[in-house]
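The structure under discussion appears below in the form of structure tokens.
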Amino acid sequence: MREGVSFLQKILFLLFTSIYKLSKKEGCVFMDRFVDGFIQYFSKNKYTFIFWGLMVLSAFSCIWLLYCEVVKASVPTSSVPSHLVKVMLDAMVLMSPFLLIKKRGLAFIWLALIDLFCLSSVWYYRNYLDIIPFSSFLLYENLSPLLLKSTLASTRWVDFVALLPTLVTAVVYKLFLQKKVKEERRRLWWPFLLFGLFFIAFHCLLSVRDIKPGKYDNFAARFVTYPNSILYIDLHGVFGYTVYQIVDALLPESELTNDERANITHYFDTYPQYTDTLCPENKQKNLVLIIVESLNSWVIGKRFCDEEVTPCLNRIVNDSNSITALHVLPQVKDGRSSDGQFMFNTGLLPLRSGAVTTRYGDVDYCSIVKALKQRGYRAVNMALDKTNYWNQDGISVAYGYDEFINRQENEVHYNGNVPDSVLMTWAAEKIKAEKSPFIYQLVTITSHMPYDKPYRRTALSKATEFPEEIRNYMEVIRYTDSCIGMFIDSLQANGLYENTVIAIASDHNQLLTPCDIAGYNDTEAAFIVANAGVKHTHEEVMGQIDIYPTLLDVMGCNDYAWKGLGYSILRTPVRSAAGWNGQVYGDPTDSLVSRQIEAWEISEQMISGGYFDTKQ
């Protein structure tokens, strides 16, 4: 921080010293006139400039919070002095349009949007370790009391400190500046252009500096290379990131080139080819896919204060007819829960920016539902969300479900949400009347954050070696586990269990309060199958993308051509998985690593390039 301030002081000192010296030279009439003109220009608009300076400091405060809480936390090597300059330039350029409008007070609307973006990004990062994409701000249908509670649980006192300059500026403007600023109703083009040119020159200099082997090959490469949102902000600041997002959104989607299609074809030509069946007895069995909200796999098999966290899941894991994988890498991105469902249903990876179910919800995807429907299955998707939440209604059609049933048909609420017990009871009743074979997808919600109090208090609340948030998390998972147990008991009572495969998968993990207790891990998800027709325990790391081909294997659907981009853990010794940023988890020497990394680009091209048909 001190280095950055010192650097700025030196630059300003040299600038004004040079101007002063030049102005004192004999014959330097131009500089004299320039300085006099500058003083007169400032005098005529001094209250506007004072107001603008306060607005810049207000914007600087929230942008600096974003840098400290997100960028610096993710990129420890990021230069603080450099970012002091970048953040100040960001604030100046973002607030400079205010100089062109005569109704200066409208600038508060723009400042509020900047504050909203910065704070939303900080809160999003604290839960998901990423920047909230611009497209997510348009998903107003996702707003709910649960989302607001989750957001409030992510706030810290420093967030409110960052807002103080905005509040102070509003008070000063109202009490002292409003009338005087209104009297100076001029459009100030010269400062607007000057700040813009200075911003462009600064980043052009950085781009020229970075043209070197192993970094950037040419001047434009620094601007068009998009490693991820956080790194782009680290390089170009919030304004540069905003420009990139706007341009990217306005550009039309390009169709796959011949080279890209050839690359996709080559990728699948080297994919394992098989049509045999490992579990022939499951071919006409029903399938129930239960997607559990925020299930961290470390709780499975754990007991604290003589209370099991997941007694139902423990029984399945210990059964001789089950599949267990407790080291599943969550590969969801901006679509969060909807991304998990997308991978399980289609075998494709999510988009690296934006939610695939809202951006490409009208695509005719290959899916496990369509594989089973070729054998006469009826498909039902049941969730506790609204129909437009993550485009649930539309994407259910894209997956091939015959019916999507949501919370609107059952208005029993708990804290604004339908509890999982209602979903499971409701599903058991419908399945009892359903004609076999069928596939049901059940999406839970009760275990969604925040975990500010125990959902149903048990002995787990006495496990004081854990932080309160983790104890509350274990309590709500204990509740959801009991709901799943109740559902399985109902299937058994109605004579349906033996003819039904039950797959249970985490939609994603949930980051919680840091804890150094042995065995604790909030970065891995779970995949468990009851009545699998085989006993298999996968001890190594796998990705969520591997669940789809494994389910095809379990259900005897290997005659379906689309096997997805993952690998069946019943056939392939998967020991690794790749994140959206190319980071490898598990065994980096696994022979699948290069293909797992490439799969992200292949999936992106297939989804956005028109590889699949669009539903009419």
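Being farther than 23 Å from Glu307 by Cα, among the small types (Gly, Ala, Ser) and not in a loop (DSSP other than H, G, I, E, B), is that true of even one residue in region 442-461? No - not one qualifying residue is present in region 442-461. Residue check: Tyr497 meets all listed conditions (1) open to solvent by less than 40 Å² (accessible area, probe 1.4 Å); (2) over 30 Å from the mean Cα position of the chain (by Cα); (3) touching a residue at least 60 places away in the same chain (Cβ under 8 Å) but one, namely (3).
A Cβ distance below 7 Å, combined with a sequence gap of six or more or placement on separate chains, defines the contacts here; from region 280-295, residues that are in contact (Cβ under 8 Å) with a residue 24 or more places away in the chain and open to solvent by less than 10 Å² (accessible area, probe 1.4 Å) reach residues that are hydroxyl-bearing (Ser, Thr, Tyr) and assigned to a strand (DSSP E or B) in the pairs Asn286/Thr500; Val288/Tyr440; Val288/Thr500; Val292/Ser506; Leu295/Ser506.
Only residues that are surrounded by 11 or more Cβ atoms within 10 Å (Cβ to Cβ) and either in a helix (DSSP H, G or I) or under 20 Å from the mean Cα position of the chain (by Cα) (or both) were counted in region 254-265, giving 5.
Residue-wise test of (1) open to solvent by 30 Å² or more (accessible area, probe 1.4 Å); (2) under 20 Å from the mean Cα position of the chain (by Cα); (3) within 30 Å of Thr513 (Cβ to Cβ).
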position: Ile109; (1), (2), (3): yes, no, no
position: Asp130; (1), (2), (3): no, yes, yes
position: Ser136; (1), (2), (3): no, yes, yes
position: Arg156; (1), (2), (3): yes, no, yes
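Confirm whether Phe466 is out of contact with any strand residue (DSSP E or B) (no Cβ under 6 Å at 6 or more places or on another chain), assigned to a loop (DSSP other than H, G, I, E, B) and modelled with pLDDT of 95 or more. Talk me through it step by step, then tell me what you get.
On the way: out of contact with any strand residue (DSSP E or B) (no Cβ under 6 Å at 6 or more places or on another chain): yes; assigned to a loop (DSSP other than H, G, I, E, B): yes; modelled with pLDDT of 95 or more: yes.
It is true that Phe466 is out of contact with any strand residue (DSSP E or B) (no Cβ under 6 Å at 6 or more places or on another chain), assigned to a loop (DSSP other than H, G, I, E, B) and modelled with pLDDT of 95 or more.
Scanning region 476-508 for residues that are touching a helix residue (DSSP H, G or I) at 6+ places or on another chain (Cβ under 8 Å) and over 23 Å from Ile439 (Cβ atoms) yields Ile477, Arg478, Tyr479, Ser482.
Counting residues in region 91-102 that are of a type in the set (Lys, Arg) and within 29 Å of the chain's Cα centre (by Cα) gives zero. For region 590-616, filtered to residues that are open to solvent by 60 Å² or more (accessible area, probe 1.4 Å) and farther than 27 Å from Ser229 by Cα, the residue that is modelled with the lowest pLDDT is Gln616. The requirement of being open to solvent by 30 Å² or more (accessible area, probe 1.4 Å), at pLDDT 95 or above and touching a Ser or Thr at 6+ places or on another chain (Cβ under 8 Å) is fulfilled somewhere in region 470-477, by at least one residue.
Residues in region 403-439 that are among the aliphatic types (A, V, I, L, M) and either modelled with pLDDT under 80 or surrounded by 15 or more Cβ atoms within 10 Å (Cβ to Cβ) (or both): Ile405, Val412, Val418, Val422, Leu423, Met424, Ala427, Ala428, Ile431, Ile439. Out of curiosity, is Ile300 under 30 Å from Asp90 (Cα atoms) and either touching a Ser or Thr at 6+ places or on another chain (Cβ under 6 Å) or surrounded by fewer than 17 Cβ atoms within 10 Å (Cβ to Cβ) (or both)? Answer is no for this residue.
Yes/no matrix, rows are residues, columns are (1) of a type outside the set (D, E, K, R); (2) surrounded by fewer than 16 Cβ atoms within 10 Å (Cβ to Cβ); (3) assigned to a helix (DSSP H, G or I):
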{"residue": "Val172", "(1), (2), (3)": "yes, yes, yes"}
{"residue": "Phe176", "(1), (2), (3)": "yes, yes, yes"}
{"residue": "Arg185", "(1), (2), (3)": "no, yes, no"}
{"residue": "Leu193", "(1), (2), (3)": "yes, yes, yes"}
{"residue": "His236", "(1), (2), (3)": "yes, no, yes"}
{"residue": "Tyr244", "(1), (2), (3)": "yes, no, yes"}
{"residue": "Ala249", "(1), (2), (3)": "yes, yes, yes"}
{"residue": "Pro252", "(1), (2), (3)": "yes, yes, no"}
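Based on this model, can you work out whether Leu442 counts as open to solvent by less than 20 Å² (accessible area, probe 1.4 Å) and within 30 Å of Ile517 (Cα to Cα)? Criteria not met by Leu442. Of all residues in region 510-531, those satisfying the criterion of being more than 19 Å from Pro454 (Cα to Cα) and open to solvent by less than 30 Å² (accessible area, probe 1.4 Å) are Ala525, Ala526, Phe527, Ile528, Val529, Ala530, Asn531. Screening Val356 on (1) among the hydrophobic types (A, V, I, L, M, F, W, C); (2) surrounded by fewer than 22 Cβ atoms within 10 Å (Cβ to Cβ); (3) under 20 Å from Trp600 (Cβ atoms) shows it passes everything except condition (2). As a summary of the residue check, Leu348 satisfies the conditions (1) of a type outside the set (Gly, Ala, Ser); (2) open to solvent by less than 10 Å² (accessible area, probe 1.4 Å); (3) over 23 Å from Thr275 (Cβ atoms); (4) not in a helix (DSSP H, G or I) except for the one numbered (3). Note on region 89-107: residues that are open to solvent by less than 10 Å² (accessible area, probe 1.4 Å), within 24 Å of Ile132 (Cβ to Cβ) and not hydrophobic (A, V, I, L, M, F, W, C) amount to 1. Could you check region 532-589 and list, in sequence order, the residues that are among the polar types (S, T, N, Q) and either assigned to a loop (DSSP other than H, G, I, E, B) or surrounded by fewer than 22 Cβ atoms within 10 Å (Cβ to Cβ) (or both)? The answer is Thr537, Asn558, Ser568, Thr572, Ser576, Asn581, Gln583, Thr589.
Okay, residues lined up against (1) open to solvent by 20 Å² or more (accessible area, probe 1.4 Å); (2) not in a loop (DSSP other than H, G, I, E, B):
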{"residue": "Phe268", "(1), (2)": "yes, yes"}
{"residue": "Thr275", "(1), (2)": "yes, no"}
{"residue": "Leu313", "(1), (2)": "no, yes"}
{"residue": "Ala325", "(1), (2)": "no, yes"}
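I need the full set of residues from region 329-345 which are modelled with pLDDT of 90 or more, in a loop (DSSP other than H, G, I, E, B) and in contact with a His (Cβ under 8 Å, 6 or more places away or on another chain), in order please. If the condition is that a residue be modelled with pLDDT of 90 or more, in a loop (DSSP other than H, G, I, E, B) and in contact with a His (Cβ under 8 Å, 6 or more places away or on another chain), then Pro330, Val332 are the ones that fit.
The values are calculated or read from the model by the stated rules, or taken from the named source; none is laboratory data. These numbers come from a predicted model, not from an experiment. Cβ atoms come from the backbone with ideal geometry, glycine included; neighbour counts cover every protein chain shown. Please note that ligands, DNA and RNA were not included when accessible areas were found on the heavy atoms of the full protein model with its side chains. Shrake-Rupley method; radii C 1.70, N 1.55, O 1.52, S 1.80 Å.
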